[in-house]
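Data block below; observations after.
The values are calculated or read from the model by the stated rules, or taken from the named source; none is laboratory data. Because the structure is a prediction, the values reported are computed rather than measured. Reconstructed Cβ throughout: ideal geometry from the backbone, glycine too, with neighbour counts over all protein chains shown. Side chains are part of the model used for accessible areas, which takes the heavy atoms of the whole protein and leaves out ligands, DNA and RNA. Shrake-Rupley method; radii C 1.70, N 1.55, O 1.52, S 1.80 Å.
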Amino acid sequence: MFVSLSSILPDLSPWRSTRDFRLLWVQGLVTTFGSFMALVALPLQIKDLTDSPLAVGAMGAVELVPLIVFGLYGGALADAVDRRKVILLTEAGLGLLAAVLLVNALLPEPLLWPLYVVAAGVSALAGLQRPALDSLMARIVPHDQLIAASALNSLRWNVGAIAAPSLAGLVVAYAGHAPAYAVTVACFAVSVALCTRIAPAPPAHDADKPSLRGLAEGARYAWSRPVLLGTYAIDMAAMFFAFPNTIFPFLAEDLDAEWALGLMYAAGAVGSLLLSLTSGWTSRVRRHGVLVVIGAAGWGLAIMAAGWFANIWLVLVCLTLAGAGDMLSGLGRSTIWNQTIPDELRGRLAGIEVLSYSVGPQLGQVRAGAAAGWTGTRTAIWSGGLACVASVAALTAVLPKLLSYDASTDEDAARRREVSAAG
């Protein structure tokens with residue numbers, strides 16, 4: 001029995017059916033490429049200025065509070081104003097912050113404190129933007145194409161996440177930090193131009209203004225849905241314990257493989273890309289909670305193995321496998337969110353989602369940096385992977401409804417399906 005190629009390749013239905021999806025896809029590719037150039041250059045510049053794992057890990061602490069505050073507010077804002085306008089203005093702000101990094105890098109003696117200020121500003125703007133961006137997707141893509149859209153968005157992200165870190169590592173090594181930041185500025189300029197072509201996405205006519213009451217309403221809804229709680233909790237735990245990216249410069253140094261730093265940053269995206277390119281089968285999956293659990297556990301196991309091995313090529317293979325696990329879990333999470341959350345709460349719940357998949361990595365950076373300074377880089381990595389697997393097992397036992405989620409029988413998914421068909 002042979003499996004047809006079309007059954008495993010990505011489902012292109014959202015690309016064919018929706019102009020705004022195509023625009024957002026291209027805009028996201030450009031932004032991802034520019035962002036990853038800076039993502040590699042920024043911690044490496046802090047390492048060059050301080051030679052301290054804790055100083056690099058402190059980026060997570062600096063980014064945490066702005067992300068929480070503006071992520072929650074951004075969720076309420078996305079339900080109350082034109083979502084396209086939020087995306088456009090925040091993209092412009094991110095471009096300006098990239099310009100600050102460029103100017104600082106061009107100084108005869110670059111300063112350290114602007115790097116932390118920009119990191120905090122980027123975190124705030126990303127927190128404002130992400131709920132609008134995520135909630136817009138459920139509006140412009142038909143209900144039955146949501147998992148296909150998630151796979152295509154992940155494919156887009158992974159293309160940038162592979163190419164940009166690999167290139168950034170070479171650019172920084174041979175030309176310095178400034179050229180990498182210059183590419184970031186140019187990418188955001190193109191992204192802003194593309195955002196102006198997206199159709200307006202105004203809120204419902206009876207939408208309330210952003211308020212603490214509205215945020216509380218969204219939080220109550222999330223708390224009342226064990227399936228949603230499971231997706232948030234597992235993702236946060238996996239990222240907190242097993243997100244070692246911030247100490248990759250020190251791992252490369254330990255393995256005497258500084259030349260491979262860009263490949264370390266790109267390896268996870270390679271794994272995600274491979275899964276995305278063979279994601280056609282996921283359109284037929286109905287038990288998306290199973291994808292979340294298996295993917296998160298696989299991520300932890302692969303990170304644990306990456307900490308054990310001393311061979312750079314085996315480490316890169318493990319990081320690639322980790323990326324595939326993270327991608328699988330992410331597909332399950334985003335599909336559950338888009339299938340079950342009502343549109344009038346989509347922005348506020350997207351704000352909570354931002355916290356679930358962003359706060360974990362930010363705290364994970366702090367944990368990894370502190371643990372590396374205390375126990376050593378490789379011990380910090382493998383012990384975090386072990387803790388990730390244990391936490392996924394514990395949370396799955398506490399929240400069993402996540403594993404039993406079935407898109408064909410879940411009541412919330414059925415209501416969203418009816419609304420999408422009527423619209």
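Residue count for the stretch 55-102 satisfying the condition of being of a type in the set (D, E, K, R), under 22 Å from Gly214 (Cα atoms), open to solvent by 20 Å² or more (accessible area, probe 1.4 Å) and part of a helix (DSSP H, G or I): 2.
Residues in the stretch 344-358 that are open to solvent by less than 10 Å² (accessible area, probe 1.4 Å) and not charged (D, E, K, R): Gly347, Leu349, Ala350, Gly351, Val354, Ser356. Look at the stretch 94-111: where a residue is without any contact (Cβ under 8 Å) to a residue 24 or more places away in the chain and a partner is open to solvent by less than 40 Å² (accessible area, probe 1.4 Å) and assigned to a helix (DSSP H, G or I), sitting 6+ places away or on another chain with Cβ atoms under 7 Å, you get Val100/Pro114; Val100/Val118; Asn104/Pro114; Leu111/Asn104. Meeting the requirement of 2 or more residues that are of a type in the set (Gly, Ala, Ser) and at pLDDT below 90, the helices (runs of 4 or more DSSP H) wholly within the stretch 327-423 are 343-375, 411-422.
Applying the criterion of at least 1 residues that are in contact with a helix residue (DSSP H, G or I) (Cβ under 7 Å, 6 or more places away or on another chain), under 21 Å from Trp374 (Cα atoms) and open to solvent by less than 20 Å² (accessible area, probe 1.4 Å) to the helices (runs of 4 or more DSSP H) found wholly in the stretch 226-317 leaves 226-241, 248-254, 288-308.
Only one residue in Val190, Val183, Val159 is modelled with pLDDT under 85, closer than 19 Å to Thr32 by Cβ, open to solvent by 40 Å² or more (accessible area, probe 1.4 Å) and β-branched (Val, Ile, Thr). Which one? Criteria check complete, one pass: Val159.
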